[in-house]
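No lab work stands behind these numbers, since they all come straight from the coordinates. For clarity, every value in this text was computed on a predicted model and none was experimentally measured. With ideal geometry, Cβ positions are generated from the backbone for all residues, glycine too; neighbour counts draw on all protein chains shown.
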Amino acid sequence: MIPFSHTWPYDILLGDLYVQYCPFCSKENILLPMKPKELQTVRDGKKKLLVFPCCNTSLTVIDNDNDYLLFDQAVR
Ligand SMILES: [Zn+2]
């Protein structure tokens, strides 16, 4: 069971990963330093350190599905 508090929705646009807004600083349309192909490597078990470019908050992506990233800490 995935804890909803650790999830955040993402979008893929033109080969890039976006979030509609940052859960930490609330800036909108954040381009994440992560490629869509990395979603699969995370699903395969390779964790991904992600630094939000807007506020330099870093956290680890530990899983994902078609809509959500799952982090190692709560983002809500
Ligand atoms: Zn931010």
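For C55 and T41, compute 0.36 nm times the residue count separating them, minus their Cα-Cα distance, and round to one decimal in nm. Kindly include the intermediate steps, with their values, before the conclusion.
On the way: separation 14, 0.36 × 14 = 5.04 nm, distance 2.52 nm.
So the extension gain works out to 2.5 nm.
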Projected onto the charge dipole of the chain (+1 at Lys/Arg Cβ, -1 at Asp/Glu Cβ, origin at the Cα centre), which of P23, A74, L59 gives the Cα projection farthest towards the positive end? L59
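To the nearest 20 Debye, how big is the dipole of the chain about its Cα centre, given +1 on the beta carbon of each Lys and Arg and -1 on that of each Asp and Glu? Write out the running numbers ahead of the final one.
Numbers: 8 positive and 9 negative charges, 41 e Å.
In total the dipole reaches around 200 debye.
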